[in-house]
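Written out below as structure tokens is the structure these notes cover.
Values in this text are rule-based calculations from the coordinates and carry no lab data. From a predicted model like this one, the values you see are computed outputs, not experimental measurements. Cβ placement follows ideal geometry from the backbone for every residue including glycine, while neighbour counts extend to all protein chains displayed.
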Amino acid sequence: MTYHLPAGKALGGPYVVDVTPEKAGWGYSSLKVLELPPGGSHTFDTGDSEWIVLPLSGGCTVETADDFGHDTFRLTGRDSVFSGVSDFAYAPRDARTTVSSTGGGRFALTGARCSRRLPARYGPASSVPVELRGTGNSSRQVNNFGAAAPAGGGDGQGFECDKLIAVEVITPGGNWSSFPPHKHDEHRPGEESVLEEIYYFEFADHEGTPGLGYQRVSPSGHGRGTDVLAEVRGGDVVLIPDGWHGPSMAVPGHHMYYLNVMAGPEAERAWLICDHPDHAWIRGTWPDQPVDPRLPLYTAPSQ
């Protein structure tokens, strides 16, 4: 199994990224990235999965219809993942959904197989909790648009889904995130949950020079023994069925963005992690250091 998929290696149909449970060899998590030209549209069936449509660049209209009704959500979106928080739309399972864009853009479809049908909903950008996690050169910003619950002490109550958990992380150039390395591949009630995870990367360029970073996943002794040390660039995907993941390293001069998509078999939708015992001590140093002054890169807009 290849766990690092460089840009262009995860193509599928109309999608520039098309990761499904079947392709990943697991049970729940999905990610599709759709690029639309001005005036373009795309229709898909949600099937047995719930989906959040998240603009990465540009705005769109999301229409979803099923036996319970028809909903239309107009998403303002954003210029890029480095320019601001985006609004989003939730499409339930067993629905027909259309994404259309007057100006064109790039749109992430984060998905998870689920059993419950929840109503279609609009998520305003103003409701997205923006969390600063870590300090010093471990500082990063987390946009908890699809979090299950307040992550790391963040504000808000999360966004209701059946299985899906999805967040955005921005790491300033030169910093490490997903650190200390952590895992969620064992069922330990109240301590650790089983979650498959997808990382999708983008980078800020510098005067036209593309950015890059590095992603590490090391075996935890559970599951497949996933082992990855990858140079990652814009559009790359890393699949994490198990293992200690982190650090995610942004090279100096280039901010790094990644979109995390998680889901798993647990009855309770929760992000419960276990830190690597060799590196867990680093959390204890955070109260003695300031947060990187470059953060937050931006905050959620007012209502």
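What to note about this one:
- Here's the list of lysines a cross-link from Lys32 could span, going by alpha-carbon distance under 18 Å and ignoring same-chain residues fewer than 8 apart: Lys9, Lys23, Lys163.
- Here the extension length gained between Thr102 and Ala267 equals 55.4 nm, from 0.36 nm per residue of separation less the Cα-Cα distance.
- Taking 0.36 nm per residue of sequence separation and removing the Cα-Cα distance, the Asp48/Ala149 pair yields an extension gain of 34.0 nm.
- Across segment 69-140, Cα-Cα pairs farther apart than 21 Å form 41% of the total.
- Only helices enter the 222 nm calculation for the chain: every DSSP H run of n ≥ 4 contributes -39,500 (n - 2.57), and dividing by all residues gives 0 deg cm²/dmol, rounded to 500.
- In this simple spin-label approximation, Gln303 and Lys23 carry label points 7 Å from Cα along the Cα→Cβ vector, and these lie 4.1 nm apart.
- Extension gain (nm, one decimal) between Val251 and Gln289, 0.36 nm per residue minus Cα-Cα: 11.6 nm
- Per-peptide packing, taken as the mean over residues of other Cβ atoms within 10 Å, places 283-292, 246-255 in the sequence 246-255, 283-292 from highest down.
- Per-pair calculated FRET efficiency, R0 = 35 Å: Glu207 and Glu186 via Cβ, rounded to 0.05: 0.15
- Taking max minus min of the alpha-carbon positions on each principal axis, the chain gives extents of 51, 44, 37 Å, largest first.
- A Förster distance of 45 Å, applied to the separation of the beta-carbon atoms of Arg117 and Leu229, puts the FRET efficiency at 0.65.
- Among Leu54, Leu132, Leu118, residue whose mean-square fluctuation peaks in a GNM of the chain (springs only between Cα atoms under 10 Å): Leu118
- Shape category assigned to segment 6-112 from the gyration tensor of Cα positions, a/c cut at 1.5: oblate
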